[in-house]
Amino acid sequence: MCAFDSLLDSKLMGVNRMLALAEPALREACMPLTNVAGPLQRVPIYMGLPEKRPGFGERDIEQFRRGIEQIEGLPIQLSSVNLIPQGHAAGLLALKLAFEHLQKGTSEACLVGGVDSYLQPDTLEWLDDHLQLARAEARSAFVPGEGAGFCLLVGSRTANRFGWNSLARVRSVSSGQETRLIKTPEVCVGEGLTTAVRSAVSDLSLPAEKIHHVICDINGERYRGEEWGFCCLRLSSYFEDPSAYRTPVDCWGDMGAASGPLFAILACQATARGYAKGPRTLLWASSEAGLRAAALLETSMHAGTRGLRHG
């Protein structure tokens, strides 16, 4: 049971498949930069990739970098390609690094993305060996998927100068490290995730500013659900209802390293389509090797179509 892109050739696998997923999403995120002169003609990109695993290693990372650098016809030049091969939380870590880059004032815009695909024989066999493939006899498993997501992150002054109405404001992005990992005998009590989420929500003014939505990568594995449960026990006062989270894996499968940017897009679409319960959305993701990342977005009912911005 898998959730794969039916428009791609099933024989296309590995890095080439990931590039085929990433390119159209990257082009769409670049569209607001068409015919924009000056510093915005050269933009850095920060991208989340899978952790090293059977079917994806160091050579694949470098091959992917070359593939991104060789994409032709973008409206801008990529001033640098920064890859973060750290799994589920990598896309949100990419957002954090891009956020910090803009705060330093060295660029006016950054592209933030993530891409993943489990459609590789060695990868699927590895998941199967660890009973992580969803099926009748696997009680703590997930449906592997694939996809890519990209966002354009700009500073407030840049957005105002070009008359761009942002889809969301990045209030904060943070990360943490979990030491009690999945696939080990250790019992995880959510310490790494709590660190990331607590940092992301620390500037909220309670009780006026509570979080209305949570979008996360809980995917059917017991470990992830319990991790969030412990985090909720510690930080429940920041949420209208911490148990009412959204986990898109039930619609599109596990998106791995693409999760963070795609979650950001979902938050924006909830507002644009009128079903958002409020402006504040927490995004979080959890990587197998221990990285935890969380981002707090604030959307507006008057949002336009140009992309994210940071405050």
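Residues of the stretch 185-204 that are in a loop (DSSP other than H, G, I, E, B), of a type in the set (Val, Ile, Thr) and touching a residue at least 40 places away in the same chain (Cβ under 8 Å): Val189 alone.
Restricting the first member to the stretch 69-86 and to residues that are closer than 17 Å to Ala29 by Cα and in contact (Cβ under 8 Å) with a residue 12 or more places away in the chain, and the second to residues that are open to solvent by 50 Å² or more (accessible area, probe 1.4 Å) and of a type in the set (A, V, I, L, M), the beta-carbon pairs closer than 9 Å and six or more apart or on different chains are Pro75/Met31; Asn82/Leu97. Counting the residues of the stretch 6-15 that are open to solvent by 70 Å² or more (accessible area, probe 1.4 Å) and either touching a residue at least 24 places away in the same chain (Cβ under 8 Å) or under 17 Å from the mean Cα position of the chain (by Cα) (or both) gives 2.
The number of residues in the stretch 205-245 that are touching a residue at least 60 places away in the same chain (Cβ under 8 Å) and either of a type in the set (S, T, N, Q) or open to solvent by less than 50 Å² (accessible area, probe 1.4 Å) (or both) comes to 13. Being among the charged types (D, E, K, R) and under 23 Å from Gly290 (Cβ atoms) is the filter; apply it to the stretch 129-181 and report the residue that is most open to solvent (accessible area, probe 1.4 Å). Across the stretch 129-181, the extreme among qualifying residues is Asp129. Per this entry, Tyr238 is not counted among residues that are hydroxyl-bearing (Ser, Thr, Tyr) and modelled with pLDDT under 95.
The values are calculated or read from the model by the stated rules, or taken from the named source; none is laboratory data. Everything quoted here is computed from the prediction, not taken from an experiment. Ideal geometry is used to build each Cβ from the backbone, glycine not excepted, and the neighbour counts take in all protein chains shown. Calculation scope for accessible area: heavy atoms of the full protein, side chains included, ligands and nucleic acids excluded. Shrake-Rupley method; radii C 1.70, N 1.55, O 1.52, S 1.80 Å.
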